[in-house]
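Report on one structure; see the data block that follows.
The values are calculated or read from the model by the stated rules, or taken from the named source; none is laboratory data. Note that the structure is predicted; figures quoted are calculated from it, not measured. Counting neighbours? That spans all protein chains shown, and the Cβs are built from the backbone with ideal geometry, glycine included.
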Amino acid sequence: MFNFENSLTFAPENKRYKNDMQTILGANGQIADELAKELHRNYTSEIRLVGRNPKKVNDTDQLFVANLLDAQATDKAVAGSEIAYLTVGLPMNSQMWVEQFPIMMKNVIEACKKHKTKLVFFDNTYMYDKTSEPQTEESPFVPIGQKSTVRAKMATMLLDEMKSGNIEAVICRAPEFYGTGKTQSITNTLIFDSIKQSKKLKVPINDNTKRTLIFTPDASRAMALIGNTPSAYNQTWHLPCDDSRPTYKEFINLASNIYQKEFSYSVVKMWQFKLGSLFNKQAKELQELLPRYKYDNIFISDKFKNQFPDFKFTTYREGITNILNEQKQ
């Protein structure tokens, strides 16, 4: 992966309030909502939320209806923005990803180039090798499967434009989420949704491999900080996580301690997911992602922590406590 950091200098975390337009492309997902709150708290009151049916997060938000598959609509959505954040998500549907994500990326890149808008791309780790090898910003792309391949394609499109000097952009990469609100992830679905519904918890593939999870509000706060730090651009950043990396067994034991209730769980093996995929489309879509649960997931966010030492990330105990408090409401 391209790395421009050696020629850059960094300032410590410096929150400042200004009135330049910052636009969120793909509004009203959990990451986008938390991002809108953080931008309004610490950076600007001029926030544009773009989506097919955007809804206000802050009273002063500006709503802009647009489909990012439409180049002209995307151009208009970006126009006048100092910074655009690409946080758009799609349902877990491989065909939809292959057909739509690259078009959206191309349209957003072209709009940002035209309007001299900085681009902050919120990315995931699907393209990394599914092994126990530690993942850093320099880890090579080893995509296997349609979803991994399309995510690698999107990131490479932007990296090529960055390397050519055609755009001022940054990639913010996060591992699997867990968290409050509308957080969607395998962990939230199999563990916290099951707790809320008084169902037996399930663990994918292996309960003894180390996991790195990011608390969703942390991802958004870190992305806002990077987007508003000029020296952070033209490189990739791993967003900050708690490095204690519990296994699912340890994670559920911690949840039991916090909830003060003993949770039992079962491990769903690969053959069970494969059998389920014959009858359930969602289980079929998960097949590509499941191999990563066979191995330790060592996502390294030291680069961010070293450059922004004042940023407080959420520990697993704090994160699970926040989820519990929300479920009590």
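Any residue that is in a loop (DSSP other than H, G, I, E, B), of a type in the set (Phe, Trp, Tyr) and surrounded by 17 or more Cβ atoms within 10 Å (Cβ to Cβ) - is there at least one of those in the range 79-100?
Quick first cut of the range 79-100, residues in a loop (DSSP other than H, G, I, E, B) only: 79-82, 87-93.
Going one step further and asking which of them are of a type in the set (Phe, Trp, Tyr), we end up with none.
No, that holds for no residue.
Listed by first and then second residue, the pairs linking a residue in the range 304-329 that is within 10 Å of PRO240 (Cβ to Cβ) to a residue that is part of a helix (DSSP H, G or I), with Cβ atoms under 6 Å apart and 6 or more places separating them unless they lie on different chains, are PHE313/ASP218; THR314/ASP218.
So if I check each of LEU324, LEU278, which one is over 27 Å from TYR128 (Cβ atoms) and either in contact with a Phe, Trp or Tyr (Cβ under 9 Å, 6 or more places away or on another chain) or crowded, with 18+ Cβ neighbours inside 10 Å (or both)?
LEU324
Residues in the range 160-169: is at least one outside any helix (DSSP H, G or I) and under 24 Å from GLN30 (Cα atoms)?
Applying the first criterion (outside any helix (DSSP H, G or I)) to the range 160-169 yields 164-169.
Checking the rest, the ones that are also under 24 Å from GLN30 (Cα atoms) come to 169.
Looking for residues that are outside any helix (DSSP H, G or I) and under 24 Å from GLN30 (Cα atoms), one finds at least one in the range 160-169, hence yes.
The helices (runs of 4 or more DSSP H) located wholly in the range 173-267 that include 1 or more residues which are among the aliphatic types (A, V, I, L, M), under 30 Å from PHE121 (Cβ atoms) and touching a Lys or Arg at 6+ places or on another chain (Cβ under 9 Å) occupy 216-227.
Taken over the range 289-310, the criterion of being part of a loop (DSSP other than H, G, I, E, B), within 18 Å of THR136 (Cβ to Cβ) and of a type outside the set (Ser, Thr, Tyr) is satisfied by ASP296, ASN297, ILE298, ILE300, PHE308.
Under the condition of being acidic (Asp, Glu), more than 20 Å from PHE121 (Cβ to Cβ) and in contact with a helix residue (DSSP H, G or I) (Cβ under 7 Å, 6 or more places away or on another chain), the residues counted in the range 29-65 number 1. Looking at the range 281-314 only, could you name the residues that are polar (S, T, N, Q), buried (at least 17 other Cβ atoms within 10 Å of the Cβ) and touching a helix residue (DSSP H, G or I) at 6+ places or on another chain (Cβ under 7 Å)? Result: THR314, single match. Only one of the listed residues (THR131, THR136, THR117) is more than 25 Å from SER301 (Cβ to Cβ) and touching a residue at least 24 places away in the same chain (Cβ under 8 Å). That residue is THR117. Mind checking which residues of the range 218-231 are surrounded by 23 or more Cβ atoms within 10 Å (Cβ to Cβ) and either modelled with pLDDT under 95 or among the hydroxyl-bearing types (Ser, Thr, Tyr) (or both)? Answer for the range 218-231, where residues must be surrounded by 23 or more Cβ atoms within 10 Å (Cβ to Cβ) and either modelled with pLDDT under 95 or among the hydroxyl-bearing types (Ser, Thr, Tyr) (or both): just SER220.
Is there a residue in the range 79-94 that is in contact with a Cys (Cβ under 7 Å, 6 or more places away or on another chain) and of a type in the set (D, E, K, R)?
Within the range 79-94, the first condition is being in contact with a Cys (Cβ under 7 Å, 6 or more places away or on another chain), and the residues that meet it are 84.
Okay, now just the ones that are also of a type in the set (D, E, K, R), so none.
No - not one qualifying residue is present in the range 79-94.
Quick grid of which residues meet (1) β-branched (Val, Ile, Thr); (2) closer than 26 Å to LYS210 by Cα; (3) under 21 Å from the mean Cα position of the chain (by Cα):
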| site | (1), (2), (3) |
| --- | --- |
| ASP59 | no, no, no |
| GLN62 | no, no, no |
| ILE103 | yes, no, yes |
| HIS115 | no, no, no |
| THR125 | yes, yes, yes |
| MET162 | no, no, yes |
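Scanning the range 196-247 for residues that are touching a helix residue (DSSP H, G or I) at 6+ places or on another chain (Cβ under 8 Å), of a type in the set (Ser, Thr, Tyr) and within 22 Å of MET270 (Cα to Cα) turns up just one, THR209.
Here are some residues: THR131, THR117. Which one is touching a strand residue (DSSP E or B) at 6+ places or on another chain (Cβ under 9 Å) and polar (S, T, N, Q)?
On the way: THR131 fails: touching a strand residue (DSSP E or B) at 6+ places or on another chain (Cβ under 9 Å).
Within the list THR131, THR117, the selection yields THR117.
Just to be sure before I move on: is LEU239 crowded, with 23+ Cβ neighbours inside 10 Å and within 24 Å of THR149 (Cβ to Cβ) in the structure I sent? Yes.
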